[in-house]
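A.B. asks: Supplied in structure tokens, the structure appears directly below.
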Amino acid sequence: RERALGRERREWVPVGRPDPSVPPSGVSCSGCGAELQCCNGAAPGFVPAEKYRSLSEGPAGAEGLRGAVCQRCWLLAHHGRALRLELPPEQHRRVVSAALRSPPRHGRGPLLLYILDVLELPDPVLPQLPGLLGPDVPAAGLLVVGNKVDLLPADSPGHLGRLRQRVTAACEQAGLRGAPLVDVRLVSAKTGFGLEGLVSRLQRSWRCAGDVYLLGATNSGKSTLFNILLRSDYCKSRAPDAVDRATVSSWPGTTLNLLKFPIINPTCDRIFRRQERLKEEATKTEDELSSEEKKYLNHLKKQGYLVGEVGRTFKRQKASAVVEFDPDMLSYSTDEDPRPSPRKHEEREEFTYNEVKDARWCFDTPGIVKENCVLNLLTEKEVKLVLPTQAIVPRTFILKPGMVLFLAALGRVDYLQGEKPAWFSVVASNLLPVRIATLSNADALYEKHAGQELLKVPMGGEERMKEFPPLIPQDITLKGIGTTEAVADIKLSSAGWVAVTAHAEEKLLLRAYTPQGTALVVREPPLLPYISTIRGARIAGTAAYRTKKPPSMVENLKTTRRR
């Protein structure tokens with residue numbers, strides 16, 4: 001049983017035998033971009049030797065591996081499991097930095113498309129960007145994309161404008177004032193919100209002037225954005241048939257090398273046809289959608305508060321299927337079964353030389369690993385619980401001095417001193433439990449239930465908690481603004497945050513805890529200052545409020561007025 005628990009807690013190890021005598025293939029994995037090889041099971045791009053030979057020893061040779069994925073991508077895509085790989089953060093940075101420092105193509109430096117997770121503000125990787133680029137990187141522009149806005153509820157009218165201001169302020173604080181900042185956009189790579197606007201902005205401002213690099217921290221949504229841009233008007237119409245999509249997983253660092261697709265040239269005719277399509281789609285109402293479109297739209301509404309649709313104006317005409325006639329199929333006697341004709345190898349789409357010689361490319365780079373992040377301490381099952389994948393429903397509690405709030409076993413906030421009750425709104429994954437205790441029994445509750453079902457994460461019982469770092473305290477003093485506006489967010493690393501709302505001029509003494517080696521940030525001003533106002537009715541006999549999920553908003557669809 002202990003061995004089984006150990007296997008459950010750890011990431012999967014490579015399966016299949018390596019063959020050190022076989023050199024690397026020179027062919028990239030179509031999921032993560034790493035070079036396919038069978039000589040080292042702990043290195044990126046590993047394919048078991050038996051599978052490697054079956055793919056590479058055919059008449060096509062190493063080209064038979066084209067379109068294949070490594071074992072790591074296969075496990076991520078089909079089982080949500082992460083292989084343990086020897087790839088330190090320094091190697092991630094080295095790959096990204098080397099790509100950015102390559103000589104400029106077409107006489108102009110690249111456009112840097114930095115993907116920022118708005119839930120992680122202040123972004124821990126953004127301050128590293130100037131050092132990563134260095135003085136010798138000829139970047140022609142920087143466009144910052146705030147991703148995952150669909151997960152946050154609207155706490156007041158104009159909340160998106162306020163979020164955009166927060167992202168702009170984060171860029172200034174990170175030392176990017178002198179950088180050629182093109183724009184700041186808010187999108188959801190998962191639900192499609194804001195992506196048509198992003199494509200239009202790229203085509204208007206950047207056109208096809210040079211290459212584009214997607215940068216960002218691990219798990220910021222770069223690969224998801226890469227995949228959706230691949231099937232948008234930003235990509236050449238034939239490219240989706242010739243370029244495989246990047247592996248998408250909640251496990252940090254899923255892209256290990258550079259994947260790319262060719263950018264379409266936004267001529268005046270193409271821009272006009274695209275605008276006509278967008279105008280036509282904007283006149284549709286939800287009632288005019290097909291049953292399949294309604295079903296997909298309702299699915300997205302469950303996933304996020306902000307929903308959009310990414311269409312395609314320029315579609316490649318596919319050749320009609322040719323029915324082949326095989327006379328041998330008809331030449332069999334009555335006492336034998338018909339023999340199936342051997343299946344022909346399906347040819348993979350490839351770009352011609354003329355298509356790529358002057359092409360501008362969009363690159364998906366490896367995610368830069370976040371330091372001092374709680375996700376680095378968790379197993380793949382725990383990461384899936386911690387990272388929100390659906391619209392976050394805020395949970396608000398009214399606490400008196402002497403009360404304690406636990407966010408799973410990953411964070412804790414003690415209300416030590418204050419004259420009046422205060423409101424604590426938790427913004428975190430809906431799967432993470434929130435527990436309320438008193439100062440007198442908080443330590444005993446943590447000792448008894450950390451690693452168990454009550455606190456849920458980490459999971460694995462006493463054995464798991466022996467290797468998990470202890471919670472380290474930090475004292476915080478706040479001064480209230482009013483009962484409708486939070487004074488600050490207490491960000492418990494990447495596990496989520498607690499927005500604190502108190503009476504005007506009320507002084508609060510708090511003590512917050514996060515695991516040793518992880519970052520605790522007091523965010524002022526808060527990201528969603530009016531989050532406590534969307535709480536529901538108070539649940540009798542408890543400190544909690546019954547908050548209902550706010551409604552979702554669909555972009556690019558005409559709203560129908562109800563009588």
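The values are calculated or read from the model by the stated rules, or taken from the named source; none is laboratory data. All figures in this text were calculated on a predicted structure; none of them were measured in a lab. Positions of Cβ are generated from backbone atoms using ideal geometry, with glycine treated the same way; all protein chains shown enter the neighbour counts. Just the protein is used for accessible areas: all its heavy atoms, side chains included, with ligands, DNA and RNA removed. Shrake-Rupley method; radii C 1.70, N 1.55, O 1.52, S 1.80 Å.
A.B. asks: When Arg546 is evaluated against the numbered criteria (1) over 25 Å from Asp150 (Cα atoms); (2) surrounded by fewer than 16 Cβ atoms within 10 Å (Cβ to Cβ), which criterion, by number, is the only one it fails?
C.D. replies: Among (1) over 25 Å from Asp150 (Cα atoms); (2) surrounded by fewer than 16 Cβ atoms within 10 Å (Cβ to Cβ), Arg546 violates only (1).
A.B. asks: Filter the range 138-158 for residues that are open to solvent by 20 Å² or more (accessible area, probe 1.4 Å) and not basic (Lys, Arg); which is modelled with the lowest pLDDT? Break it down into steps so the answer makes sense when it comes.
C.D. replies: In the first step, residues of the range 138-158 are kept if they are open to solvent by 20 Å² or more (accessible area, probe 1.4 Å); the result is 138-140, 148, 154, 156-158.
The next check asks that each one be not basic (Lys, Arg); those that pass are 138-140, 154, 156-158.
Numbers: Pro138: 57, Ala139: 60, Ala140: 65, Ala154: 93, Ser156: 91, Pro157: 91, Gly158: 91.
Within the range 138-158, the match that is modelled with the lowest pLDDT is Pro138.
A.B. asks: If I go through the range 358-384 residue by residue, how many of them are closer than 15 Å to Asn430 by Cα and either surrounded by 21 or more Cβ atoms within 10 Å (Cβ to Cβ) or in the same structural domain as Gly210 (by the TED database) (or both)?
C.D. replies: Final tally of qualifying residues: 2.
A.B. asks: Can you pull out the residues in the range 378-400 that are more than 21 Å from Thr533 (Cα to Cα) and in contact with an Asp or Glu (Cβ under 9 Å, 6 or more places away or on another chain)?
C.D. replies: Once the filter is applied, which keeps residues that are more than 21 Å from Thr533 (Cα to Cα) and in contact with an Asp or Glu (Cβ under 9 Å, 6 or more places away or on another chain), the range 378-400 yields Thr379, Glu380, Lys381.
A.B. asks: State yes or no: is Val498 closer than 19 Å to Leu432 by Cβ, open to solvent by less than 10 Å² (accessible area, probe 1.4 Å) and either of a type in the set (Ser, Thr, Tyr) or in a strand (DSSP E or B) (or both)?
C.D. replies: Judged against the criteria, Val498 is a match.
A.B. asks: Moving to a separate point now. Can you name the residue in the range 8-64 that is of a type in the set (A, V, I, L, M, F, W, C) and at pLDDT below 75 and, of all such residues, is surrounded by the most Cβ atoms within 10 Å (Cβ to Cβ)? Before the answer, list the steps.
C.D. replies: From the range 8-64, those of a type in the set (A, V, I, L, M, F, W, C) are 12-13, 15, 22, 27, 29, 32, 34, 36, 38-39, 42-43, 46-47, 49, 55, 60, 62; that's our starting set.
Checking the rest, the ones that are also at pLDDT below 75 come to 12-13, 15, 32, 42, 60, 62.
On the way: Trp12: 15, Val13: 10, Val15: 11, Cys32: 26, Ala42: 13, Ala60: 13, Ala62: 17.
This residue is Cys32.
A.B. asks: Keeping to the range 513-563, report how many residues are touching a Phe, Trp or Tyr at 6+ places or on another chain (Cβ under 6 Å) and more than 23 Å from Pro421 (Cα to Cα).
C.D. replies: So the answer is 2.
A.B. asks: So, one more: Considering the range 407-446 alone, what residues qualify as being open to solvent by 10 Å² or more (accessible area, probe 1.4 Å) and under 33 Å from the mean Cα position of the chain (by Cα)?
C.D. replies: Within the range 407-446, Arg412, Trp423, Asn430, Leu431, Pro433, Val434, Arg435, Ile436, Tyr446 meet the criteria.
A.B. asks: Can I ask one more? For the range 293-316, does any single residue satisfy the condition of being open to solvent by 60 Å² or more (accessible area, probe 1.4 Å), farther than 29 Å from Lys548 by Cα, assigned by the TED database to the domain that holds Ile228 and assigned to a loop (DSSP other than H, G, I, E, B)?
C.D. replies: no
A.B. asks: Quickly run through the range 216-260 and pick out the residues that are hydroxyl-bearing (Ser, Thr, Tyr) and either modelled with pLDDT of 75 or more or outside the structural domain of Ser97 (by the TED database) (or both).
C.D. replies: Those that are hydroxyl-bearing (Ser, Thr, Tyr) and either modelled with pLDDT of 75 or more or outside the structural domain of Ser97 (by the TED database) (or both): Thr218, Ser220, Ser223, Thr224, Ser232, Tyr234, Ser237.
A.B. asks: While we're looking at this one, here's another question. Looking at Leu214, Leu198, Leu202, which is the one that is among the aliphatic types (A, V, I, L, M) and in a strand (DSSP E or B)?
C.D. replies: Unique residue meeting the criteria: Leu214.
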